[in-house]
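Worksheet for the structure shown next.
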Amino acid sequence: MTTFVDRVELHVAAGNGGHGCASVHREKFKPLGGPDGGNGGRGGDVILVVDQDVTTLLDYHHSPHRKATNGKPGEGGNRSGKDGQDLVLPVPDGTVVLDKAGNVLADLVGQGTTYVAAQGGRGGLGNAALASARRKAPGFALLGVPGDLQDVVLELKTVADIALVGYPSAGKSSLISVLSAAKPKIADYPFTTLVPNLGVVTAGSTVYTIADVPGLIPGASQGKGLGLEFLRHVERCSVLVHVLDTATLESDRDPVSDLDIIEEELKQYGGLDDRPRLVVLNKIDVPDGQDLADLVRPDLEARGYRVFEVSAVAHRGLKELSFALAEMVAAARAAKPKQEATRIVIRPKAVDDSGFTVVQEEDGLFRVRGEKPERWVRQTDFNIDEAVGYLADRLNRLGVEDALMKAGAVKGDGVAIGPEDNAVVFDWEPTMMSGAEMLGRRGEDHRFEAPRPAAQRRREKQAERDDAEQEYDDFKPF
């Protein structure tokens, strides 16, 4: 059964914003008391958070579809809808977030580091929030904005100071088991280690982590064996330790050739040339193991490597190795630049930035792209003429109509607002008439400006009395 997963494709959906409410306050003797529709709630975000207690992406391998809750719609009486609850997904330290094209979106290192994978949609405004001096009683509300839908790839890269690399059965798991408290699986057959193992080592005042990476073979950088699948776990390590087998039973292998092959695979993988190296000649307790170590050590030292002869089984040479590794880790940490406090970067919008673009496509269609016009279109209920008139007003004030004229659009040309797969297309009419103008000026509704019935009846009776008096005055004798 799969117990370790270090790469998954995750499908996340943020919550949709709740719709605004179109409501009119009703009270005794005040049948038309004004708009009181509340705003819709915000949709929940999908947030990735580094959690030190999580070591694998297994949960997302079994359940790759995750969705936050939607915002609630607004209600009458100026009651806003409840916001959707954010969905927090814990991920291991060292998780890299990529898009499907392989572009890095975030590198999550350090407890509590967060990344918003999908943004929740904003709630629609109710008619109370849309009221103005010109539009005293809107008969419509704005729709909630749908939440983001994202497909992201999560890759886990182990965060450790030292990586043990070498052929299968070279003794890497045995070495990490005696240097630290880690208890990896150990057996006398190749590819015993199927997942990276982490251990914590204390040498004097230095505490460092060491990772046991599954064994490499020729062609690992091209996907043979388990190499390509786990070489990514070496990328974050500061020091590479070559564990070489001095007691191999294969006649065509020796420690020097093993080192050359592993170095070639690391070179082919790329990005590891600057890491300091150290060589460990393991299994010197085996017959002829010490003799082979004495034979190859001068050659390895001539290449510039620090060489240590150890036996993980007999616990020989481990103390010297542990302190040497601590020395290299301390030097690597000292060489790292100091982390500066996070700076807040403010990028003001250019004065002439309208926030949208108008482009004429090959088929003659004019396409409008921009965050505001696209969001406004999604928030409009096209079944309500007054809402369409309000949208036309907003687009006109933003300058979309002027931009279309400058782009060469004429009456009757097709205009699309939004991307190709989700756009609203209409035939353009300059100074667009939406149908809401039949109710009065654009965006107004004269239904709420009509006099109250009782007052109207009083006026009618008074008019009748006035007419009767006028008739009497006209026909009374002199």
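A count restricted to the range 269-288 and to residues that are surrounded by 14 or more Cβ atoms within 10 Å (Cβ to Cβ) and not basic (K, R) stands at 11.
Of the strands (runs of 3 or more DSSP E) lying entirely inside the range 20-103, none contains at least 3 residues that are surrounded by fewer than 21 Cβ atoms within 10 Å (Cβ to Cβ), charged (D, E, K, R) and modelled with pLDDT of 95 or more.
Per-residue answers, yes or no, for (1) loosely packed, with under 15 Cβ neighbours inside 10 Å; (2) at pLDDT below 90; (3) on the phi > 0 side of the Ramachandran plot:
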site	(1), (2), (3)
Q290	no, yes, no
A293	no, yes, no
D299	yes, no, no
A302	yes, no, no
V307	no, no, no
H315	yes, yes, yes
A335	yes, yes, no
E340	yes, yes, no
V345	yes, yes, no
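Would you mind stating whether A118 is over 15 Å from the mean Cα position of the chain (by Cα), of a type in the set (A, V, I, L, M) and on the phi < 0 side of the Ramachandran plot? No; evaluated as a whole, the condition is false for this residue.
In this structure, does R26 turn out to be closer than 25 Å to L143 by Cβ, in contact with a Leu (Cβ under 9 Å, 6 or more places away or on another chain) and without any contact (Cβ under 8 Å) to a residue 12 or more places away in the chain? Criteria met by R26. Considered as a group, the residues in the range 143-154 that are open to solvent by 30 Å² or more (accessible area, probe 1.4 Å) and in contact with an Asp or Glu (Cβ under 7 Å, 6 or more places away or on another chain) include one that is nearest to L198 (Cα to Cα), and that residue is D151. Summed over the range 114-141, residues that are assigned to a loop (DSSP other than H, G, I, E, B) and either open to solvent by less than 40 Å² (accessible area, probe 1.4 Å) or aliphatic (A, V, I, L, M) (or both) total 14.
Starting from residues that are aliphatic (A, V, I, L, M) and open to solvent by 20 Å² or more (accessible area, probe 1.4 Å), keep the ones in the range 104-113 and report whichever is nearest to L198 (Cα to Cα). Before you say what the answer is, go through the steps one by one.
So in the range 104-113, the residues aliphatic (A, V, I, L, M) come out as 104-106, 108-109.
Cutting the leftovers down to open to solvent by 20 Å² or more (accessible area, probe 1.4 Å) gives us 104-105, 109.
On the way: V104: 25, L105: 26, V109: 16 Å.
Among those residues, the one meeting the criterion is V109.
Would you check which residues across the range 279-323 are part of a strand (DSSP E or B) and not small (G, A, S) and list them?
Looking only at the range 279-323, we keep the residues that are part of a strand (DSSP E or B), and these are 279-282, 307-309, 311, 316.
Passing the criteria: V279, V280, L281, N282, V307, F308, E309, R316.
Within the range 142-181, the residues that satisfy the criterion of being assigned to a loop (DSSP other than H, G, I, E, B), among the aliphatic types (A, V, I, L, M) and in contact (Cβ under 8 Å) with a residue 60 or more places away in the chain are L142, L143, V145, V159, A160, A170. Here V243 passes the criteria (1) in a loop (DSSP other than H, G, I, E, B); (2) at pLDDT 75 or above; (3) crowded, with 16+ Cβ neighbours inside 10 Å except the one numbered (1). Scanning the range 259-278 for residues that are under 18 Å from T246 (Cα atoms) and assigned to a helix (DSSP H, G or I) returns L259, D260, I261, I262, E263.
The values are calculated or read from the model by the stated rules, or taken from the named source; none is laboratory data. Everything numeric here is computed off the predicted structure, so don't read it as measured data. Neighbour counts are summed over all protein chains in view; Cβ atoms, including those assigned to glycine, are modelled from backbone coordinates with ideal geometry. Ligands, DNA and RNA are excluded from the accessible area calculation, which covers all protein heavy atoms including side chains. Shrake-Rupley method; radii C 1.70, N 1.55, O 1.52, S 1.80 Å.
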